[in-house]
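Notes to accompany the following structure.
The values are calculated or read from the model by the stated rules, or taken from the named source; none is laboratory data. Fair warning: this is a prediction, and the values are worked out from it, not measured in the lab. Every residue, glycine as well, gets a Cβ built from its backbone with ideal geometry; the counts of neighbours run over all protein chains shown. Heavy atoms of the whole protein, side chains included, go into the accessibility calculation; ligands, DNA and RNA do not. Shrake-Rupley method; radii C 1.70, N 1.55, O 1.52, S 1.80 Å.
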Amino acid sequence: MSSSTTSLTPPPDPLPSQLLHYLPGHKALICSTCHYAIQPTAISRHLKDIHQIHRARRRPFMSYVSTLDLAPPEQVIDLQTKLKIFPVPGLPVVEGLMCRYEGCEHLCASTKRMRSHWLAVHGVAARGDLDWNAVRLQTFFRGNLLKYFSDGLACNVGTKAIVDNRVADEMIYEYDAIIHEDIIPSRTTPPTLDTSDAGLLKHFTTNTASTISTNPTTRLLWETTIPLLAQTNVFLRHGILSCSALHLAHLHPSSPINAHLTLLASHHQDIAMPLFRQTMTSVTPSNCDAVLAFAHLLIIISFASETQSQTHNKNQNDQLMLVSPAAPPMPITTINGNSNAHEGDSILPPWLYLLRSGCSILCDIWDYLELGPISTLAGQWDIPVQVPDGTPPPLLAHLLSLIPSSPLQNTIMTSTQNTWTEHEITTYINSARSLDLAFRYRAILGTEFTTWDALRVWPISISEEYLNLLARRHEGALVLLGFYCVLLKMVEIRWYFEGRAQRLLRTVLARLDKSEDAEKWRRALCWAIKEVGIDESAAIKDTE
């Protein structure tokens, strides 16, 4: 009996310091069983879900962790850049590749991803081993925090692997775009592309879908679930075809077929929009999933179309992104009669109107969306997490110091400047606080900060009063938009966002150059100019 009883007794938990290996130099905690670092906010969940250590049994582990100085993932990666330790104890070493393009040194774990990198970033097809080196790789984190580092040395394939193949395979999933080999252009011969509806749909499911997803779940939605929805929703089908054509145009900027692809994208969008507007006048549980999926596509199409337009007309100045000429908003009516028919003309571009108004107008069918097949996309429209608001940090203090006649005013202001009205000052302060919270929200998310976060955290929270100031080209509103470009720069890895931060900031600077205090505003934006990567010595001309 005692032998039987003993066999049913679970093995004792390991000592906290044995399971959780602390690296003081990196301020990181490595799971000695899983061979990767754990985020400070995910330790309890990791112990419960991965190691089945429940409730009171977790207390010794959490007590041990509370004594450690742990850094967020982004800081851990920065510390490794400074320390340059390789290999880091406790992390697996895998074979990988390093890009040989001058100044690049991009790291990935497969030739397919390296070929995709060359095409997307350097604009040409890679030439096998000529364009990359085989190197040793490690990463602290997995999933969308995955970021490889290397010592630049080749793997010694004759040595025993630090971790088995199963664990190595789990590390290799990356969220970067995978370009299907069928559409990788040659360096010497122009590609032949299938631009039929079937060809565009195939390209979307095999290539574009991975470039607009933010994690494995949304990738599966774009590859399978949403194309299935498109079979019974014509507007969604044409939205998919438009997005696919724009993606192909981005991949082939110098090809003779580029202009045709751009026109084809416009053609499909022209078919989709009237059908979408008609559907929006009667949003029901049966069509709300297709409506939300198309709304996502419309945002991507809007930015991608503008990027293509900029590519073909280098002198065309960007609009101010958050405002456009006043026009009636897209009419929306839900199954319960919730409608925007009472609203007047809007200065918001359609994509921003959908982001700001969509959730409130569609609130009576939101439960269907959150329980439906694309609930993950619905979750991306949630209001961002709140961050603590306390003593003004340096960015907010700087923004408030720019207010004319403000007691916080710093030395870069002049006594001859124009003053703002009380209403303008109040609007500016509220918008500056919202922008500061957006930067702090980004700091919390670190590398999890996505395109959708960049579009939500500030554009959704700013007031109509601020947007009206921006439409009037008010200096304060333009300055805040200039700082917002720093957040946009952080998500420019997406093809439909490429170059947007620089173009928008150049437009802001061009408009500020028309003010009496142009030099003052340039000095106020010097940090944003540096972060976005604009050459301050270059003259920026307004081409209006």
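Here is how the numbers come out for the structure above:
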read-out: Out-of-range pairs (alpha-carbon distance over 28 Å; input Lys27/Lys147; Lys147/Lys520; Lys48/Lys147; Lys48/Lys112); value: Lys147/Lys520; Lys48/Lys112
read-out: Value of relative contact order over the stretch 14-71, rounded to a whole percent, pairs C-alpha under 8 Å and six or more apart; value: 34
read-out: Solvent exposure of the stretch 215-290 as accessible area per residue, Å², 1.4 Å probe; value: 40
read-out: Per residue, in Å², the accessible surface of the stretch 444-544 once ligands and nucleic acids are set aside, probe 1.4 Å; value: 39
read-out: Solvent exposure of the stretch 8-156 as accessible area per residue, Å², 1.4 Å probe; value: 53
read-out: Ordering of 79-92, 489-502 by packing [mean C-beta count within 10 Å, highest first]; value: 489-502, 79-92
read-out: Convex hull of the stretch 1-125 built on C-alpha atoms - directionally averaged projected area, nm²; value: 11.2
read-out: Accessible-area composition of the stretch 45-90, carbon plus sulfur, in percent [1.4 Å probe]; value: 54
